[in-house]
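A short worksheet on the structure shown next.
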Amino acid sequence: MDKFEKLTEELSQLSDEEYVKKIKELGTDCVCPICPSYNDCAKDKQENVFCITGKSDGCITMEMGCLCPTCPLAQKYEIGVMYNFYCHRGTEIKQKKG
């Protein structure tokens, strides 16, 4: 199990309230809000941490550029290079499974 899979496993064990708190915490290292693909709709819905939470809920429909490989969160968990554009393509786990 790699670092990211371990993180997602830990997240799956949390209560809904703890999960939301942890996602907000992880979001402090997230570069989604400054990514070229990020837009006002995603900002208004407070969407981020797409590598964990999955695709944007209808806001991000075009891949305008990707900062995933440079994201401190992605680097910490060794993701974002092979799979990215999480906001449009889905989580790291989903992309790995194809």
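The values are calculated or read from the model by the stated rules, or taken from the named source; none is laboratory data. Only a predicted model underlies this, so the values are computations on that prediction, with no experimental measurement involved. FYI the Cβ positions are ideal-geometry reconstructions off the backbone, even for glycines, and counts take in every protein chain you see. Calculation scope for accessible area: heavy atoms of the full protein, side chains included, ligands and nucleic acids excluded. Shrake-Rupley method; radii C 1.70, N 1.55, O 1.52, S 1.80 Å.
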Residue count, the stretch 57-69, condition open to solvent by 40 Å² or more (accessible area, probe 1.4 Å), over 13 Å from the mean Cα position of the chain (by Cα) and not charged (D, E, K, R), comes to 4
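Residues are listed down the side, and each one gets a yes or a no for (1) closer than 21 Å to residue 97 by Cα; (2) in contact (Cβ under 8 Å) with a residue 12 or more places away in the chain; (3) of a type in the set (Phe, Trp, Tyr):
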| position | (1), (2), (3) |
| --- | --- |
| 9 | yes, no, no |
| 15 | no, no, no |
| 24 | no, no, no |
| 35 | no, yes, no |
| 46 | no, no, no |
| 79 | yes, yes, no |
The condition from (1) in contact with an Asp or Glu (Cβ under 9 Å, 6 or more places away or on another chain); (2) open to solvent by 90 Å² or more (accessible area, probe 1.4 Å); (3) of a type outside the set (Val, Ile, Thr) that residue 88 misses is numbered (2)
Filter the stretch 1-22 for residues that are part of a loop (DSSP other than H, G, I, E, B) and open to solvent by less than 100 Å² (accessible area, probe 1.4 Å); the one that is nearest to residue 92 (Cα to Cα) is 2
